[in-house]
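Okay, so here's the structure we're looking at.
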Amino acid sequence: MSYPQISPFASGHIACSAGNEIYWEASGNPQGKPALYLHGGPGSGLGSGRYRSHFDPDRYFIIGIDQRGCGRSRPSAASTGVDLQQNTTADLISDIEHVRARLGVRHWLVSGVSWGSTLALAYAQAHPARVSELVLLAVTTTSRAEIDWITGHMGRLFPEAWERLEAASGKGREERLIEAYARRLAGKDDADRVLAARAWNEWESVHISLDPNFAPTGKLRSDEQLLEFATLVTHYWANDGFLRDGAEILNNMSRISHIPAVLIQGRRDISSPAITAWRLHQAWPTSRLCMVEEEGHGGPQSVRQMQIALDGFARGATHGELAGVGP
């Protein structure tokens, strides 16, 4: 059972580079164990703040941020002509450090979901002394292989939807499909941007549809929200997550191999296949891999395992003790 939904006791914006203002919020116990939550996407934002209910509010000082360009951070990637050249993984890592320093946190547990797990890993590898533990759900590293799967090869499972996505892409002869969508969504033709965003978000809904807990989300979003999400996803994926060599995170696991971690992965996750979590676990002696057999890209059992891991770290459990928790 999740913890009660709580409201932030403090929030605000922090001025960062290139005129960006990053929204942050704090909840739970200000004297508790600091924990940072990183949302997915890129571009999903914190939304309703449901993430807070994963953490014990008596034990954790819970910090969430809307990543650069989305949610309540400013400016929005949905805005025509916004400068995406200053929106990279390195920029997001710098933003996280600005928030940490501003809030006076020496080190914190870092949790992330989907793209948030990629960002959590990249941040930890850049600043390992600032990360006490990691709890990651629907694990990704945004490697070139993962991007090629989700933007190409996965079309073998959904050929009808893939044909629609490709037909709507407007891609040039030598252009990758993901690059075509990134180009259009970064353009200045608002009508064309909206068309591209709708086509992209339809594909996003299709490729998570095999999850037993699937519910369409695109229809619940405004055009501005669709634009914000699709613009940032395609921008990052067209650039391999701004990570070198297409496999930077896996190649640098030695930097964080000492940090305790729990990786939670749905066996039926078509969008982010389990091989990524497995390879990370094999390279990470202080990690525990929890495979949730019945779920895909997240779901109630996966969230429950995330909460169990967070509870364990809150009470100071060791890697060995956590190894006996969950399935």
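The values are calculated or read from the model by the stated rules, or taken from the named source; none is laboratory data. Everything numeric here is computed off the predicted structure, so don't read it as measured data. We place every Cβ from the backbone using ideal geometry, glycine too, and count neighbours over all the protein chains shown. Accessible surface is based on the protein model in full, side chains and every heavy atom, while ligands, DNA and RNA are left aside. Shrake-Rupley method; radii C 1.70, N 1.55, O 1.52, S 1.80 Å.
Counting charges near Ser2 (Lys, Arg +1; Asp, Glu -1) among other residues having Cβ under 9 Å from its Cβ returns a value of +2. Can you give me the Cα centroid spacing of region 12-91 and region 282-313 in angstrom? Answer, in whole Å: 22. In plain terms, the chain from Leu210 to Glu175 could stretch by 9.7 nm, reckoned as 0.36 nm per residue minus the Cα-Cα distance.
3J(HN,Hα) couplings calculated from phi for region 243-256 with the Karplus curve 6.51 cos²θ - 1.76 cosθ + 1.60 (θ = phi - 60°) are, in sequence order, 10, 6, 6, x, 8, 4, 5, 4, 6, 10, 5, 4, 5, 10 Hz; Gly and Pro show x.
Order the following by accessible area, largest value first: His207, His281. Probe radius 1.4 Å; ligands, DNA and RNA are ignored. Can you show the working numbers first?
Values: His207 10, His281 50 Å².
Highest to lowest solvent-accessible surface, that is His281, His207.
Which trypsin sites (Lys or Arg not before Pro) in region 128-227 pass both tests, a DSSP loop state and at most 10 other beta-carbon atoms within 10 Å?
Values: sites: Arg130, Arg144, Arg156, Arg164, Lys171, Arg173, Arg176, Arg183, Arg184, Lys188, Arg193, Arg198, Lys219, Arg221; in loops: Lys171, Arg173, Arg176, Lys188, Arg221.
Sparse-neighbourhood loop trypsin sites (Lys or Arg not before Pro): Arg173, Lys188.
The calculated FRET efficiency for Ala145 paired with Val105, based on their beta-carbon distance and R0 = 51 Å, is about 0.90.
If I build a Gaussian network model for the chain, linking alpha-carbon pairs within less than 10 angstrom, which residue out of Thr140, Thr118, Thr276 has the largest mean-square fluctuation? Ranking Thr140, Thr118, Thr276 by mean-square fluctuation puts Thr276 first. Within the set (i) 31, 58, 11, 0; (ii) 25, 48, 23, 5, 0; (iii) 33, 60, 6, the number that P(r) over Cα pairs in 20 Å bins from 0, in percent takes when calculated for this structure is listed as (iii). The phi-based Karplus calculation (6.51 cos²θ - 1.76 cosθ + 1.60; θ = phi - 60°) puts the 3J(HN,Hα) values of region 73-80 at 6, 10, x, 7, 5, 6, 5, 5 Hz, whole numbers, x for Gly and Pro. Once the Cα-Cα distance is subtracted from the 0.36 nm per residue extended length, the Thr80 to Gln5 segment shows a gain of 23.5 nm. Of Gln305, Gln125, Gln85, the residue with the greatest mean-square motion in the GNM of the chain, using alpha carbon springs below 10 Å, is Gln85. Between Gly316, Gly32, Gly81, the Gaussian network model of the chain with springs among Cα atoms under 10 angstrom shows the greatest mean-square fluctuation at Gly316. For region 228-239, putting each phi into the Karplus relation 6.51 cos²θ - 1.76 cosθ + 1.60 with θ = phi - 60° gives couplings of 4, 5, 5, 4, 6, 4, 5, 4, 6, 5, 5, 10 Hz, in residue order, rounded to whole numbers and with x for Gly and Pro.
Solvent exposure of Phe9, expressed as accessible area, is near 110 Å², computed with a probe of 1.4 Å over the protein chains only. The amide H of Leu289, built 1.01 Å from its N in the peptide plane, has Leu263 as neighbours under 5 Å, considering only residues 5 or more places off or on other chains.
Annotation: amide H-H contacts under 5 Å for Glu21 (H modelled 1.01 Å from N, sequence separation of 5 or more, or interchain): Cys16, Arg74.
The GluC sites (Glu not before Pro) of region 150-252 that DSSP puts in a loop, and whose beta carbon has at most 12 other beta carbons within 10 Å, are Glu174. Put simply, the amide H of Tyr60, placed in the peptide plane, has neighbours under 5 Å in Asn29, Lys33, leaving out anything fewer than 5 places away on its chain. Sorting Trp200, Trp149 by accessible area puts them as Trp149, Trp200; the probe is 1.4 Å, largest comes first, and only protein heavy atoms count. Per-residue ellipticity at 222 nm, computed for the chain from helices alone with -39500 (n - 2.57) per DSSP H run of at least four residues, works out to -11000 deg cm²/dmol. Ligands, DNA and RNA excluded, the heavy atoms of Ser79 present near 50 Å² of accessible surface to a 1.4 Å solvent probe. Averaged over residues, the count of other Cβ atoms within 10 Å places the peptides 100-111, 255-266 in the sequence 255-266, 100-111, highest first.
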